[in-house]
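Here is the structure we will look at.
The values are calculated or read from the model by the stated rules, or taken from the named source; none is laboratory data. Note that the coordinates shown come from a computational prediction; the quantities given were computed from them, not determined experimentally. Counting neighbours? That spans all protein chains shown, and the Cβs are built from the backbone with ideal geometry, glycine included.
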Amino acid sequence: MSASTLERTARPRRSRTRSRTVNARPALALSTLKPHQYDLRPACASLVCPDCETWVPITGLGTKTTKVVPHDTGRAGKDAAARCRLGSNRLVTVDVTVKKWQERLEDGHAETGHRRKTTVLRKPKTAVAPAVSQIAAQKKQTAADDEHGDGRPMWLLREMKWASTESAVRDADTRRAQLPAGAAPLGAPSVPLKTLHPERPAS
């Protein structure tokens, strides 16, 4: 990669710098950031710059001049070389211990881990109303089903059939009501349906 290309792209962010320049803005307190917006591990001490919203190393951790290193707003070697003038060399106040930061970070993971996705309640699909032509076709089909082969409607045929069997059905019901309760023995004479009053023989 040529020198002209390096000048036009963002420079790598070093974790340590010898620059004594200090930003005139008030120091940035870590307690004002969320636990996932900074890292207090000594090997990778860094935070999200509130101005350019990119991860930036913290230099001088544990000293009086803990600050954010000078950095560009884009990715190193890819984005344009635009210096973050508001966030570079800004002092950092470490008012959160490593233990407290880890506890807050674990509590945040526990809360998000138990979340459940919202169940989407879909509306039931409404049945499509039939067209006028379909309704007319259904009425014609129903009328055709009610007509017999000889042109007489089905209800008239049912009435005529019932009239022809009505007397036989009523006779069967009458005989069934006169039989005594219980099953008749096989091979026995028929049980009389009327009460018998035998007469004494004349002496």
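Worth a mention:
- Meets criteria (in contact with a helix residue (DSSP H, G or I) (Cβ under 6 Å, 6 or more places away or on another chain) and surrounded by 17 or more Cβ atoms within 10 Å (Cβ to Cβ)) for L40: yes
- Candidates are the residues of the range 128-167 that are surrounded by 10 or more Cβ atoms within 10 Å (Cβ to Cβ) and part of a loop (DSSP other than H, G, I, E, B); the one that is modelled with the highest pLDDT is P130.
- So K125, is it at pLDDT 85 or above and more than 24 Å from R20 (Cβ to Cβ): no
- Residues in the range 62-80 that are on the phi < 0 side of the Ramachandran plot and surrounded by fewer than 15 Cβ atoms within 10 Å (Cβ to Cβ): T63, K64, T65, R75, A76, K78, D79, A80.
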